[in-house]
Structures are given as C-alpha cells and as structure tokens.
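Down below is the structure, laid out as structure tokens.
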Amino acid sequence: MTTTYRICPRSGLQFDTNAEKLMRWHAVAGVLSLLVGGIMALGVILTRWPAVKLLEADVFYMVLTAHGIDMLIFWIIFFEMAVLLFASSTLLRCRMATPKLGWVSFWLMAIGAIMTNVAIFQGESSVMFTSYVPMQAKWHFYLGLILFAVGALLTCFIFLGTLVVAKAEKTYEGSIPLVTFGALTACIIAIFTIASGAVILIPTLLWSLGYIREIDSLMYRTVWWALGHSSQQINVSAHVAIWYAIAAIVFGAKPMSEKVSRSAYFLYILFLQLASAHHLLSDPGLGSEWKVVNTSYFMYFAVLASMIHGMTVPGAIEQAQRLKGYNKGLFEWLRKAPWGNPAFSSMFLSLIGFGFLGGISGVMMGAEQLNMLIHNTIYVPGHFHATVVIGTTLAFMGLTYFLVPVLFKRELLFPGYAKMFPYLFGLSMYMVALVMMGAGTLGVARRHWDMAFAGSPMAYEWPGAAYLMMGLTGIFGTIACVSGGLWILQIVFSLLFGKKLEEGEMRSTPIPLTLPAPTPGGAAHPPATPGTMVLALIFLTSFILYYFVNWKYLSSLWSMA
Amino acid sequence: MADQQEERIPVMQQVLDNPFLLLFLGITIPTVLYVLWGVMEIANIPVAR
C-alpha cells in the first residue's frame, strides 16, 4: 500500500492517509456500537424505573447484556483503537506500520462485534456483561468476543510498530509526546486486558461447545475481571490523554511538568490493572492479603496518578489562560474559558465528574470493609457510569466535535446543539450517577429486573427514598439517552450532509522534522496556579469527608457506634 | 567532557522512553500480583468431600 500524507489546513496535523481511513472506520464502528448500546440503555432505564417497568424479565436481561457489551467493550475499544492510530502516526508524523494488517484487525473486530450481537439478540445468550459461569451463552457469543479481542490486540501491536517506525525514521526528537505516552499506557493495559480475556474466554468457548466439562466459577470470576475491569482502565488512560490533547488544542496549554505527568502514567502502567480485585472483595476463597494488596496498597499509587492528572490538566489550562492575561482573582482563567466550545466543556465536565463522582466512589468501594455497604448494589453501576460515561464517553464525544472537520473533512451541522450537548448529556449523567449511588447506598440491587422482588419470599419493603431515586434514575437517564441519541444524529448528519471542507495539501513524503528555535535567555517562568490549588483542596476535602461518612455509616449500620 | 555530561539521560527517563520495557512491566506486575497470586489461592482451596 502506497503511503501518502495529507496536511489538514484546519489543524496543521499531518495524516498518513492509510491510518486516517482506518481511524474514520474505527470511529464510525464505535459510534454504531454506541447507537445500539444507547437504545438498549433506554430499555434498561425504563424497566428499572419502578413506575414504568417497560420490559418483561427475559427481554430485560437480553437488553442489559447488549447494553453492557456494546457500551463497555465495542464502543470504547473501537474508539480507542482510533485514538491509538491518531496518537502514533499523526502525532509522531510518520507512516503507519503495516496498514494491511490494520484492515485485518478492523474486520476481525467488526465481525466479532456483529457475531456477539447476533448471539445476544437471538435471545439465548442473556448472560450480561460479566457472563459468569455456570450461566452459559451460545458459542458464537464467546467466539465474537475472542475475534474482537484478537483484532484489538493486532492494532495494539501496530501502534507499537508505528512507534518503532517513528524512532527509526527520526520523525521526533527526544521522548514521544505526552499524549502519545498516554496512548502507550492505554495500549499496554489493553494488551494485558486482552491476554487475560483470551486465558478465560477460550476455555469458556470450549465449555460452551461441550469439549470441557466445567469451569470453576471463582477461577472464572478472578481471571475474567482482569479483562472486565482492566478494559475500563484502558479508558482511563485514553481519556486522560484526550484531556491533555484538548487542553493543548483549545488553549495551546503545555503540561505543567512533563516529568510529573509521565511518572503518573508510569504508575498507571504498574498498578492500575490491580483494581480488578475490588469486584472480588466479598468473595470467599481469596485471602485478605490478596484483596488488600491489590485494591488498597498498590491501587492507591494509581489513585495518586489520577489525582496528579486531575490537577495537572486544569493547572496547564490555568497557566495558558494566565499567560493570555486572565489574571484577576482565583478563577478569571476559568470564567473566561470557552464554555461554548463543546470540545472544552465536554472535557472539563468529564474531568470534574470523573474525579468527584467516579474517583472518590471508586476509592471508597476499594476498601474491603466499606465495600460491604454497597457490594452488588446499584451503587456499582452508579460509580462506573461516572467513570465510563462521564469520564470516558463524554471526553470521546467532545473530541469527536474536533474530529468532524479535521478527520472527516465536513462542516459540523447544528452548532447550537453542540454548545448545549455537553451540559444536557453531562449534567444528566451526573444526576444518574448520583441517584444510582444513593439508591445503592440504601441497598437496591444492581441488575435486578424488579427491585421489590414482588411475590417472592425475599420481598422487601424499601423506604420511599429508594423508589424516588430509582424514579430519578429513569428521568435523568432518559434525558441522557435522548441527548446522546441527538448527538449521534448530529454527527451522522454532519458526516453525510455537512459541507465538504478543503482536503489540504497531499504529499508523498512526510514534512521533515523542524525543531523550535531556542528561546533567548531561556523559557519564561510559568505563572503560579492558585485556582487549581483551590480546586484540588476542595476535591481533597470532599474525598476525606465522603470516606469518613461511609465509615461512620458502616459502624452505625452494624450497631457498633 | 562537558558534552558527555550534557548528553547523559537520567535512568528514569530511559525507562520511560523504552516502550517495550514498559510493556514488560505493565504485563508482569498485574499478572503476578493479581492473576497468578489469585489463581494460586483458589487452587489451594481444599476440595469438599
């Protein structure tokens, strides 16, 4: 395949046209998965809303399975593969390694995603996202996931190969850019994730075909969570890289300290995957040492890394804004930020929601004793909707507004909706996460078709607040689904009917590397960031208070106060 | 001599600039601490009779 390069006139970015095409296909496949997952989300929400209870139990579990797999695996990993291609060939300004293999991997992922969806909608694979044994799905449910994983694994190796190409052809000087380093972190976690998936899904496929008699359920859960949770840690690394990228694109912001940000990513590489153990904190058979080391001692290094990123991204924005003259008081830099630019507002809502809602609740859940308060309640989906939907999906959606003109070369239609979307979708998801966590704190079970267990010996009379919060989940969840659906329509309409934009210069060779001229007398001292420091202190105070309140709640619940 | 000192790259930066070393660490640590340790604990649970 011949390599040509396009210089985007709107961003100045240089695209290898092979990689560019693959990025577009991955992004479109991701959005199609999001569409299926989003329609299914509406079914889930309207069934768990006690006053509506839309679906029958068997349909509900099928819909819940499709929602989980399409959102947590297909949408995010398709989009992340596009991010890996962008962060390697585009940001390193080099040719993509093995573009033909790139297409093989894309089609493996696409066929896998279709196969698993077919298995789910045939109705005999309603095993939910976790697919815990001894529940058994049809063989093509597992085979689809395996094909998808193999495809994604190949793209990870193409990413690493492209890094080698860039180094060999000297298209960059020194270390790789920070955003590429973030993508490398995501790639490493993806390889661990996919390898763990293979270790458990291949025997499960053989079990569903009858070649293996049984699979130990605890063994399955333990290894499966190395896939199930770590796949969400790929997201964390990828969306943090996108935060840095959007800060650079919108503000021209430079990281406060490359060393500190890279060290934080290094902590992710070493420790982030260990959080998988917090799904097993209530399981007998695994010792406290294993649980505590994985979810507390070492996991806290990864939490530290997230707090560093959560401080350095707004810090970099504050520095850039102060250099532009927004110096009044603590927060003029933030007040004068471009809140009407959906790439920025999505990123900032993603950052705040991920930290305050997803981060704090995740640490609380990771403590073995506190986990007993909320284990297997709807608090858990509340937590991961804050991390995966507010943190990852909102950041990806915001980046897409940048990609429509730059990657797809189309003018965005309905710009008024684009300004409104991050608030409509983001804030309704804030509410969804909060009320789910509230209902979970009262004990409402996750996944269950009927929270009241009506007619069963385990029927339980919930306080009115639990029903109220499940009702609010329905209301805000519906708003989020509708606004997300309108976002998909906006993007699809823009790609199909938006005005075609200028392609830009086409070249057969990449633009040679030019280094910036050294600043006379050295770089200016960057401004201080007191506003970010205040935000960080508010975060830490909230963190400590929430942690303490849960210990207090645990003690009063068990009458030990 | 002065040039040699200027060109010396700190060890930590060498680690962070080596994607394959990072890949090795990122696979090995969770495999040992989470997967192998967890699987060994489960494998050592006595079978009920």
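The values are calculated or read from the model by the stated rules, or taken from the named source; none is laboratory data. Remember, predicted model here, so these are calculated numbers, not experimental data. FYI the Cβ positions are ideal-geometry reconstructions off the backbone, even for glycines, and counts take in every protein chain you see. Surface areas here come from the heavy atoms of the whole protein model, side chains and all, with no ligands, DNA or RNA. Shrake-Rupley method; radii C 1.70, N 1.55, O 1.52, S 1.80 Å.
Residues in region A:16-33 near a label at A:THR509, defined as backbone nitrogen under 18 Å from the 7 Å Cα→Cβ point?
A:16-17
Considering only B:VAL32, A:ILE352, A:ILE77, whose Cα is most displaced toward the positive end of the charge dipole of the protein assembly as shown, charges sitting on Cβ of Lys, Arg (+1) and Asp, Glu (-1)?
A:ILE352
For the pair A:GLU169 and B:PHE20, what calculated FRET efficiency results from E = 1/(1 + (r/R0)^6), where r is the Cβ-Cβ distance and R0 = 22 Å, to the nearest 0.05?
Efficiency, rounded to the nearest 0.05: 0.75.
Which value, in Å² rounded to 10, gives the accessible area of A:PHE548 with a 1.4 Å probe and all protein chains present?
Accessible surface of A:PHE548 is approximately 130 Å².
On a 0 to 90° scale, report how tilted helix A:415-441 is relative to the longest principal axis of chain A, with both axes built from alpha carbons and the result rounded to the nearest 10.
30
I'd like the accessible area for A:ILE538, computed on protein heavy atoms only with a 1.4 Å probe and all protein chains in place. Round to 10 Å², please.
Accessible surface of A:ILE538 is approximately 90 Å².
Taking all protein chains together and a probe of 1.4 Å, list A:SER263, A:SER231 from the most accessible to the least accessible.
A:SER263, A:SER231
Nothing charged except the Cβ atoms of Lys and Arg (+1) and of Asp and Glu (-1): what's the magnitude of the dipole of the protein assembly as shown about its Cα centre? Round to the nearest 20 debye.
Values: 34 positive and 28 negative charges, 216 e Å.
With Lys and Arg at +1 and Asp and Glu at -1, about 1040 debye.
What is the percent carbon and sulfur in the accessible area of region A:338-504, measuring with a 1.4 Å probe over the protein chains and ignoring ligands?
That fraction is 73 percent.
Can you give me the orientation-averaged projected area of the convex hull built on the Cα atoms of region A:338-504, in nm²?
Seen from a random direction, the Cα hull of region A:338-504 projects 11.6 nm² on average.
Using a 1.4 Å probe, how large is the accessible area of A:LYS499, given in Å² and rounded to the nearest 10?
Surface open to solvent at A:LYS499 totals about 130 Å².
Please enumerate, by chain and number, the aspartates and glutamates with C-alpha under 16 Å from the C-alpha of A:LYS328, excluding those fewer than 8 residues away in the same chain.
Within reach: A:GLU318.
Roughly how big is region A:336-493's charge dipole about its Cα centre, with Cβ charges of +1 (Lys, Arg) and -1 (Asp, Glu), in debye to the nearest 20?
In debye, rounded to 20, region A:336-493 gives about 500.
Normalise the Debye intensity by I(0) for chain A, one equal point scatterer per Cα, no solvent, then take log10 at q = 0.06, 0.08, 0.10, 0.13 Å⁻¹ and round to two decimals.
Evaluating at q = 0.06, 0.08, 0.10, 0.13 Å⁻¹ gives log10 I(q)/I(0) of -0.29, -0.52, -0.84, -1.47.
Give the accessible surface of the protein assembly as shown per residue, rounded to a whole number of Å², with probe radius 1.4 Å and ligands, DNA and RNA excluded.
With all protein chains present, the protein assembly as shown gives 42 Å² per residue.
Once amide H atoms are placed 1.01 Å from N in the peptide plane, what residues at a sequence separation of 5 or more from A:LEU413, or on another chain, have their amide H within under 5 Å of its amide H?
Amide H neighbours of A:LEU413: A:SER494.
Chain pair B, A: how much accessible area is buried, both chains summed, with a 1.4 Å probe, in Å² to 100?
What B and A bury together is about 2500 Å².
Could you list the residues of region A:268-287 with an amide nitrogen less than 19 Å from a label point located 7 Å from the Cα of B:MET12 in the Cα-to-C-beta direction?
A:268-272, by backbone N distance to the label point.
Quick one: which of A:LYS324/A:LYS419; A:LYS167/A:LYS419; A:LYS21/A:LYS499; A:LYS138/A:LYS409; A:LYS21/A:LYS170 span more than 31 angstrom between C-alpha atoms?
Listed pairs above 31 Å: A:LYS167/A:LYS419; A:LYS138/A:LYS409.
Given a 1.4 Å probe and heavy atoms of the protein chains only, how would you sort A:ARG93, A:ARG6, largest accessible area at the top?
A:ARG93, A:ARG6
Quick check: the angle from helix A:57-69's long axis to the longest principal axis of chain A, C-alpha only, nearest 10 degrees?
30
For the full complex of protein chains and a 1.4 angstrom probe, list A:ARG507, A:ARG10, A:ARG335, B:ARG49 by accessible area with the highest value first.
Descending order: B:ARG49, A:ARG335, A:ARG10, A:ARG507.
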